[in-house]
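A.B. asks: This is the structure I want to talk about, given as structure tokens.
The values are calculated or read from the model by the stated rules, or taken from the named source; none is laboratory data. Since the model is a prediction, treat every value here as computed from it, not as a measurement. Note that each Cβ is placed from the backbone with ideal geometry, even for glycine, and that neighbours are counted across all protein chains shown. In case anyone asks, the SASA skips ligands and DNA or RNA and just uses the protein heavy atoms, side chains included. Shrake-Rupley method; radii C 1.70, N 1.55, O 1.52, S 1.80 Å.
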Amino acid sequence: MLGPLEVLSGEQSLPLGGVKQRATLGYLLLQANQVVPTSQLLSALWSTDNAPATARKILQNAVWGLRGMLSEHGPAAGAAGELVTRAPGYMIRVDPDRVDLHLFRRRVSEGRARLSAGAQHEAVRLLGEALDLWRGPVLADLVETGTMWPELTAVQNSRLDVLEDYLEAKLRCGEHYAVLGELETTVEAEPLRERSSGLLMLALYRCGRQVDALSVYNRIRATLVEDLGLEPGHELRRLQQAILAQDQTLDLASAPLGTAAPVPAAPAAQPPGRE
């Protein structure tokens, strides 16, 4: 799911049928092991004003096709998954660890727990494993056909949150030079995310580039004011003041042995309708 929708049996990619059949599978997998009402599935496949009179029949045919594919290549053949009817709709039963999206979420939960506990090296490993599961935009093939579900936007935005967690963990490990390029790319792509800008400012400061760090602050402040009419949040303003004062708490070496130096970072500031 973290890329084009694909079902594997061993190393074989299984045929998933047409757009509606693929979309049915994708939507059920977003809510794996939960009953999805038929009405919700119909709304996901068609907008209210363009659903054909045969919409329910098309959905039934899609379910029939998917059941045939999954039963033919079931657990014994290496593709775990079963599509069952459960009032008031359908449910796909699957081992979450066999679905990259759900494995991603588990790795993220584990990684964040390690980061909170101060085990930053272990957090880097787990969060890195989570990010490595991505092969492209979530359900990229369905998005190309015009599928625009809020769930996809939420999943896609969650990757940015995890990337920031990962980069913060790397900073806590003292890898400010190593993350500089990726942070610059992230900030360029997402100029309104205060946390990314804060992490970049800290990395630049630790690399001895105080002026560049302050320039990042000035740039995001100008963007926030111009685009949203907002000033930067408290955490980002506090980080700017700490950099101006060359506050020793920003230095990795100032952290007690076995702990992480403070990483001032604010939650992402997002325009209306975004994460």
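A.B. asks: Can you find a residue in region 94-114 that is over 18 Å from L28 (Cα atoms) and open to solvent by less than 20 Å² (accessible area, probe 1.4 Å)?
C.D. replies: Yes, there is a match, as at least one residue in region 94-114 is over 18 Å from L28 (Cα atoms) and open to solvent by less than 20 Å² (accessible area, probe 1.4 Å).
A.B. asks: Something else about it: Condition test on S215, is it within 30 Å of L252 (Cβ to Cβ) and under 17 Å from the mean Cα position of the chain (by Cα)?
C.D. replies: Criteria not met by S215.
A.B. asks: Which of the residues belonging to region 112-151 are farther than 24 Å from K170 by Cβ and without any contact (Cβ under 8 Å) to a residue 60 or more places away in the chain?
C.D. replies: V143, E144, G146, M148, P150
A.B. asks: Let me ask something additional. When residues of region 129-152 are filtered for being exposed (fewer than 15 other Cβ atoms within 10 Å of the Cβ) and within 19 Å of R105 (Cβ to Cβ), how many remain?
C.D. replies: So the answer is 5.
A.B. asks: Something else about it: Name the residue that is modelled with the lowest pLDDT, counting only residues in region 237-259 that are in a loop (DSSP other than H, G, I, E, B) and charged (D, E, K, R).
C.D. replies: D251
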